[in-house]
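What follows is a short report on a single structure.
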Amino acid sequence: MFGTEKTVVRRWPADPDHRRIIDAPRDDLVVERATDAGEFEQEQGPFRAYRRSVVTEGDELVETTQYRLTIPWFAWLFALPVRWTLQRRGTVHRSAPPWWAPPDRIDERQALVLGLLAAASMSSAFTNTLFTQTAQFAADDFGVSDTGFGNAMSVVRLGIVIALPLAAIADRVGRQRVMRFAAWAAPLICALGAVAPTFPTLVATQSVGRPLGLALDFLIAVVVAEEMPRNSRAYAVSVMAMAAGLGAGIAVMALPLADLGPSAWRLVYLVTLIWLVVAVDITRRLPETTRFERPHVIAPPLDKSRFAILAIVAICANFFVAPASGFQNRYLDEVRGFSASEIALFTLITATPAGLGLVVGGKLADIRGRRRLIAITIPVATVLVLGSFVVAGLPMWLAAFGGGFVGGIAYPALAVYRAELFPTGNRGRAAGMLTAAALLGGIGGLQLVGRLLDRGAGYGTVIGLVALGQLVVVVVVLRWFPETAHRTLEDLNPEDATPAPTDAPRLSP
């Protein structure tokens with residue numbers, strides 16, 4: 001929730017040089033304005049409350065900064081970096097946000113939205129990870145084959161058709177309403193897996209609940225694009241991905257419950273209900289996006305060329321990513337003999353720290369650009385992930401960690417395109433359709449891998465085969481993707497920047 005008020009006190013020698021330093025208005029995390037002699041308040045910045053005062057006490061200058069962060073759920077994560085930055089003011093030259101902050105200075109509303117969306121990302125990631133992590137144990141409990149396992153993973157992904165109408169509705173009635181619905185419905189329906197009497201029934205519940213989590217996920221991406229400044233969109237995507245990693249990590253940490261008995265995997269589904277707390281907070285505090293509230297053209301024609309190149313990348317990327325992640329637990333179970341607890345440990349050790357790549361990738365994508373970053377990181381990440389299905393022992397752990405880390409660097413640059421290249425009037429619909437395209441690619445990869453494994457092929461061979469889709473991704477990005485870094489959404493989508501024709505439907509606040 002909101003951070004408590006903090007105070008930073010610094011003492012300086014009362015000489016002209018130091019007075020000149022601390023009497024100058026700050027321009028780093030916050031832009032200050034002077035309100036009186038020795039008094040400063042926030043003019044622009046992320047704080048809910050902010051005040052800096054300078055007084056003389058004997059032969060010392062005493063600088064006191066009082067502040068309160070406005071980042072829901074994650075104020076604790078930024079507490080020390082903020083404090084360190086405020087304590088070092090004047091000792092280092094800085095006229096921009098520090099390295100750990102967004103490239104643009106964000107305001108209080110943007111910090112609020114960012115925190116709420118990060119919490120929603122945890123919920124979405126948990127519901128999207130739940131079946132992937134538990135399916136192997138449920139399949140063993142119900143006696144399901146490799147082909148049946150692959151079919152189940154595919155059917156759950158086909159449930160995206162449920163989410164597509166929500167994308168269109170979000171473009172009509174707003175992002176806020178649809179996100180509230182998805183935040184409640186996804187965990188409630190996923191939790192029904194705990195009482196599923198058969199494997200098909202379990203698949204049916206997750207074919208509804210998981211797509212609702214996906215709807216929440218792609219609307220989070222839309223809100224991020226519409227709320228964040230132009231130089232910080234990829235950074236915000238990386239923050240969402242890190243939060244999603246935490247949500248998925250919670251699903252993994254709950255996985256040892258499956259070791260309690262043949263049907264104990266059901267307990268993991270009950271854990272889903274903790275995300276109703278996030279639904280309550282989103283319902284209370286998430287505002288509608290400023291861009292949706294502005295007058296804009298409703299449902300303009302979809303740019304088919306842009307959609308086509310993004311869809312190709314989504315399909316080919318997930319042709320590899322879905323089976324590599326979906327069959328990882330089965331590989332660790334069948335080939336390496338890992339228990340549920342060992343699988344959870346492997347995932348936490350190799351995937352959670354790899355989330356640091358998201359921090360690096362978000363900043364690089366915003367500062368240096370998206371295209372070259374994707375072209376460099378995707379091949380490296382693919383080779384490393386493939387290696388984790390070929391080697392054993394410590395090299396397997398290192399390859400999985402490296403693949404996740406480098407893949408994390410690539411992710412923000414790729415993901416941010418889905419919302420950047422479409423106008424407000426169909427940004428949600430495009431994001432939903434691209435998510436569906438990605439899932440179709442994943443279904444193709446899962447079906448191919450499942451069938452080849454049932455015919456006796458090795459994991460390294462079949463994962464190497466689907467990895468060829470990543471080469472297509474690199475070619476398409478370099479050949480057809482525009483560079484979107486440092487450009488506003490209105491620059492990328494002129495229909496949002498110019499008045500609509502008088503006969504065009506428009507939405508007014």
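The values are calculated or read from the model by the stated rules, or taken from the named source; none is laboratory data. Predicted model only: the values in this text are computed from it and were never measured. All Cβ positions, glycine included, derive from the backbone under ideal geometry; neighbour counts span all protein chains shown. The protein model used for the area step is the full one, side chains on, heavy atoms only, and it has no ligands, DNA or RNA in it. Shrake-Rupley method; radii C 1.70, N 1.55, O 1.52, S 1.80 Å.
Residue-wise, which Karplus ³J(HN,Hα) couplings in Hz belong to the range 74-89, taking 6.51 cos²θ - 1.76 cosθ + 1.60, θ = phi - 60°, and x for glycine or proline?
Rounded to whole hertz, the list is 10, 4, 4, 5, 9, 4, 5, x, 5, 5, 4, 5, 5, 6, 9, 4.
Take every Cα pair under 8 Å in the chain that's 6+ residues apart, average their separations, divide by the length, and report that relative contact order as a whole percent.
Across the chain, relative contact order equals 18 percent.
Near the amide H of Glu60, under 5 Å away, which other amide H atoms are found, from residues 5 or more places off or on another chain, if H is placed in the peptide plane?
Sorted by chain and number, the residues that satisfy this are Ala14.
So what is the accessible area of the range 228-317 per residue, in Å², with the probe set to 1.4 Å?
39
Rounded to the nearest 0.05, what FRET efficiency do Asp36 and Glu483 have when you use their Cβ-Cβ distance and R0 = 51 Å? Please report the intermediate quantities before stating the final value.
On the way: r = 46 Å, r/R0 = 0.91.
Once the sixth-power term is evaluated, E becomes 0.65.
Among Ala194, Leu440, Ile21, whose Cα projects farthest towards the positive end of the dipole of the chain, with charges put on the beta-carbon of Lys, Arg (+1) and Asp, Glu (-1)?
Leu440
Pop the C-beta distance of Leu345 and Arg284 into the FRET formula with R0 = 35 Å and round what comes out to the nearest 0.05.
The calculated FRET efficiency here is 0.45.
If one takes the longest principal axis of the Cα atoms in the chain, at what angle in degrees, from 0 to 90 and to the nearest 10, does the Cα axis of helix 340-351 lie?
The helix 340-351 is inclined about 40 degrees to the chain.
Of the labelled options (i) 29.2; (ii) 26.5; (iii) 25.3, which one gives mean projected area of the Cα convex hull in nm² as computed for this structure?
For mean projected area of the Cα convex hull in nm², the calculated option is (iii).
On a 0 to 90 degree scale, rounded to 10, what angle separates helix 146-158 from the longest Cα axis of the chain?
40
Expressed as a whole percentage, what fraction of the accessible surface of the range 263-411 belongs to carbon and sulfur atoms when a 1.4 Å probe is rolled over the protein heavy atoms?
So the carbon and sulfur contribution to the accessible surface is 72 percent.
Tabulate in residue order the Karplus-calculated ³J(HN,Hα) for the range 128-136, using 6.51 cos²θ - 1.76 cosθ + 1.60 with θ = phi - 60°, rounded to whole Hz; enter x for Gly and Pro.
7, 8, 3, 5, 4, 6, 9, 4, 4
In whole Å, what is the distance between the alpha-carbon centres of the range 413-443 and the range 263-328?
Comparing the Cα centres of the range 413-443 and the range 263-328, I get a distance of 9 Å.
For the range 174-288, what is the relative contact order in percent, using Cα pairs closer than 8 Å and at least 6 residues apart in sequence?
That works out to 40 percent.
So, by mean Cβ neighbours within 10 angstrom, what's the order for 427-435, 485-493 with the highest one leading?
On the way: 427-435: 25.7, 485-493: 16.8.
Top of the packing list down: 427-435, 485-493.
Taking the Cα atoms only, what angle lies between the long axis of helix 356-367 and the longest principal axis of the chain, rounded to 10 degrees?
Result, in degrees: 60.
Within the set of other residues whose C-beta is less than 10 Å from the C-beta of Ala186, count the net charge using Lys and Arg as +1 and Asp and Glu as -1. It would help to have the intermediate numbers written out before the result.
Working: positive: Arg210; negative: Asp217.
That works out to 0.
Apply the Karplus parameterisation 6.51 cos²θ - 1.76 cosθ + 1.60, with θ equal to phi minus 60°, to every residue of the range 26-38 and state each ³J(HN,Hα) to the nearest whole Hz, in sequence, with x for glycine and proline.
Listing the rounded values in order: 7, 9, 9, 5, 9, 8, 9, 10, 6, 9, 6, 4, x Hz.
At 0.36 nm per residue, minus the direct Cα-Cα distance, what do Ile376 and Gln66 gain on full extension? Give it in nm, one decimal, please.
Answer, rounded to one decimal: 107.2 nm.
Could you order peptides 417-426, 447-456 by the average number of other Cβ atoms within 10 Å of their residues, highest first? Before the final figure, lay out the partial values.
Values: 417-426: 25.2, 447-456: 17.2.
Ranking, from highest mean packing down: 417-426, 447-456.
Which residues' amide hydrogens lie under 5 Å from the amide hydrogen of Glu43, considering only partners 5 or more residues apart or on another chain, with H built in the peptide plane?
Sorted by chain and number, the residues that satisfy this are Val31, Glu32, Arg33.
Arrange the peptides 320-330, 249-259 so that the one whose residues have, on average, the most other Cβ atoms within 10 Å appears first. Let's see the in-between values first.
Values: 320-330: 24.3, 249-259: 20.7.
Peptide ranking by packing, descending: 320-330, 249-259.
What spacing in nm lies between the two simple spin-label points modelled at His18 and Asp259, each 7 Å away from Cα in the Cβ direction?
Here the modelled spin labels are 5.7 nm apart.
Would you please give the residues with an amide H less than 5 Å from that of His296, counting only those at least 5 places away or on a separate chain, with H modeled from the backbone geometry?
Placed amide hydrogens put Leu507 under 5 Å from His296.
Ile162 to Leu448: extension gain in nm, 0.36 nm per residue of separation minus the Cα-Cα distance?
This chain segment gains 100.5 nm when fully extended.
What is the gain in length, in nm to one decimal, between Leu267 and Leu394 on full extension, counting 0.36 nm per residue of separation less the C-alpha to C-alpha distance?
Extra length from Leu267 to Leu394 when fully extended: 42.6 nm.
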